[in-house]
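The values are calculated or read from the model by the stated rules, or taken from the named source; none is laboratory data. The shown structure was predicted, so the numbers you read here are calculated from the model rather than taken from an experiment. Because the Cβ atoms are built from the backbone with ideal geometry, glycine has one as well, and the counts that use them run over all protein chains shown. Surface areas here come from the heavy atoms of the whole protein model, side chains and all, with no ligands, DNA or RNA. Shrake-Rupley method; radii C 1.70, N 1.55, O 1.52, S 1.80 Å.
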Amino acid sequence: MKKFSLLLAIAFAGFSCTDHNINAVDTVKEGDAIKKLVTVTYRDALAASSADGVTSAFTSDGVVMGPGSPTASGLAQLKSTYDGIFGAVGLDLNFKIDEIIVGKEYGFVRSTSAGTLSVKANGATAPEENREVFIVKKADDKWKIARYIYNKMGTLNQAQSTVTIENKSAASTDSDKLAINALVTSTYASAVTASDPAAVSAAFTTDGVLMAPDSPTAIGSAVIKDVYTSVFSAIKLNLTFNIDEVVIDGEFGYVRSHSSGTMLINATGQTVPASYREIFVVKKVNGNWKIAWYEYNQPM
C-alpha cells in the first residue's frame, strides 16, 4: 500500500549568465557554498552525532520532515529531535547532489545519501539510504537549511555530478502566491481526485521531478504521467491539501503543505485513511506556475 503513495517534484531550467539577480561566477560560487552546507557541514554533524552541530546548520525557524516522525519546527524542536535520533543510532552518510537551483535569497537542493546506521544499544549496523530535498536560505551572507524533507527511493541511484542552475530574477505579487496555492490545492488535488494522469502531468514542468516514497525518481512529464497511470490503476485517492507556507524567490518558489483524506484500494474495495506531508518546488513558465519538484512522505 505504501508504494502507491504519491507526491513529486523537480524541474530544471536552462542555465543562463545574462543580466539576472546573480551573474555566472556568483552562481558557481553560491552553488559551491550550498553544496558544502549539505555534503560537509550537515554530513559531518550527523557523523559526529552532534545535535548542536546539526541545529547550527539550520535557520532559527528551520523545519525537518522525516518519514514516520512528527514535523520538527524551530531550533528547540530540531535539537530535541536530533538528540533523540543520536541517542538511539549513529549515522555515517555521504550526500550526492543531483541539482542545485541558486537564487538571491533561497536555494533548492535535490540529493541522495548513502552510508551506514549503527544501533547504539547493540552495536548492529545496517545500510542507510535516503533521498532529500533541502530548501536553503541565505541570512547574514551565510547559507542555512530552512526546510528539509526526505524519503526512501527503493533502489538507490546516486548522481555522478551536480547540475547548478541560476534562478533568474523576477518580481512577484500576491496574485502569484494565490496562483501557487491554487496549483496545489485545486489543479493538482483535483487531478489526483479525478484519477487523471494526463491532468496530473500537465501540472508539472516538462522536465518536472517526482519523488514518491519507495519509488525511483521520475523525471519528465511523460514519465510522471506513466507513474500516475500505474498508481490510479491500483488506488483511488481523495485528498485535501492544506498549505503551511508559500515562498517565492525569482522565477522559483516552494510550497510546504500537508494533505489528508482516503485511499481506496481498487483490488479489494477497502478504503483506508491517508495522510502526507509535501514540499513542492514550483517554477513560473510562460506566466504560469508549474510543479518543478515534488517530494512527500507520511508523518507517522
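May I ask you to say which residue of T240, T229 is in a helix (DSSP H, G or I), open to solvent by 10 Å² or more (accessible area, probe 1.4 Å) and polar (S, T, N, Q)?
Values: T240 fails: in a helix (DSSP H, G or I).
Exactly one residue qualifies, and that residue is T229.
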S215: passes all of (1) surrounded by 22 or more Cβ atoms within 10 Å (Cβ to Cβ); (2) closer than 16 Å to Y188 by Cβ; (3) hydroxyl-bearing (S, T, Y) but (2)
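Does A222 satisfy the criteria of being assigned to a helix (DSSP H, G or I), over 27 Å from T71 (Cα atoms) and out of contact with any Gly (no Cβ under 9 Å at 6 or more places or on another chain)? Explain how you work it out, then say what you get.
Details: assigned to a helix (DSSP H, G or I): yes; over 27 Å from T71 (Cα atoms): yes; out of contact with any Gly (no Cβ under 9 Å at 6 or more places or on another chain): yes.
When the stated conditions are applied, A222 passes them.
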Subset tally (residues that are crowded, with 24+ Cβ neighbours inside 10 Å and either of a type in the set (A, V, I, L, M, F, W, C) or at pLDDT below 95 (or both)) for the range 104-117: 2
Qualifying residue in the range 70-83 (condition: in a loop (DSSP other than H, G, I, E, B) and either β-branched (V, I, T) or within 20 Å of the chain's Cα centre (by Cα) (or both)): yes
Could you give me the residue pairs with C-beta distances under 8 Å whose first residue belongs to the range 248-267 and is at positive phi and in contact (Cβ under 8 Å) with a residue 60 or more places away in the chain, whose second residue is open to solvent by 40 Å² or more (accessible area, probe 1.4 Å) and among the basic types (K, R) wherever it lies, and which are 6+ apart or on separate chains? G250/K104; G250/K168
Name the pairs whose Cβ atoms lie under 8 Å apart, with the first residue in the range 57-76 and on the phi > 0 side of the Ramachandran plot and modelled with pLDDT of 95 or more, the second open to solvent by 40 Å² or more (accessible area, probe 1.4 Å) and small (G, A, S), and 6 or more positions between them or separate chains? G74/S60
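Filter the range 90-100 down to residues that are touching a residue at least 60 places away in the same chain (Cβ under 8 Å) and farther than 10 Å from V136 by Cβ and give me whichever is surrounded by the fewest Cβ atoms within 10 Å (Cβ to Cβ).
Here is the first cut: in the range 90-100, the residues touching a residue at least 60 places away in the same chain (Cβ under 8 Å) are 96-100.
Restricting the remaining residues to those that are farther than 10 Å from V136 by Cβ gives 96-99.
Working: K96: 17, I97: 23, D98: 22, E99: 21.
Per the stated criteria, the residue is K96.
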Tell me the residue from S161, S195, S221, S190 that is open to solvent by 60 Å² or more (accessible area, probe 1.4 Å) and either over 28 Å from I34 (Cα atoms) or touching a strand residue (DSSP E or B) at 6+ places or on another chain (Cβ under 6 Å) (or both), please. S190
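Considering only the range 118-141, state which residues are assigned to a strand (DSSP E or B) and surrounded by fewer than 11 Cβ atoms within 10 Å (Cβ to Cβ). Even if it seems obvious, please write down each step before you answer.
Quick first cut of the range 118-141, residues assigned to a strand (DSSP E or B) only: 118-119, 125-139.
If the condition is that a residue be assigned to a strand (DSSP E or B) and surrounded by fewer than 11 Cβ atoms within 10 Å (Cβ to Cβ), then A126, P127 are the ones that fit.
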Looking only at the range 73-86, count how many residues are closer than 19 Å to L117 by Cβ and either buried (at least 18 other Cβ atoms within 10 Å of the Cβ) or not acidic (D, E) (or both). 5
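What number of residues within the range 268-287 satisfy the criterion of being in contact (Cβ under 8 Å) with a residue 24 or more places away in the chain and under 29 Å from K138 (Cα atoms)? Let's see the steps before the verdict.
Pass one, the range 268-287, residues in contact (Cβ under 8 Å) with a residue 24 or more places away in the chain: 272, 274-285.
Okay, now just the ones that are also under 29 Å from K138 (Cα atoms), so 276-285.
Adding up the residues that qualify gives 10.
When you scan the range 165-174, do you find a residue that is within 26 Å of S69 (Cα to Cα) and either of a type outside the set (K, R) or assigned to a strand (DSSP E or B) (or both), even just one? Working first, answer last.
Applying the first criterion (within 26 Å of S69 (Cα to Cα)) to the range 165-174 yields none.
No.
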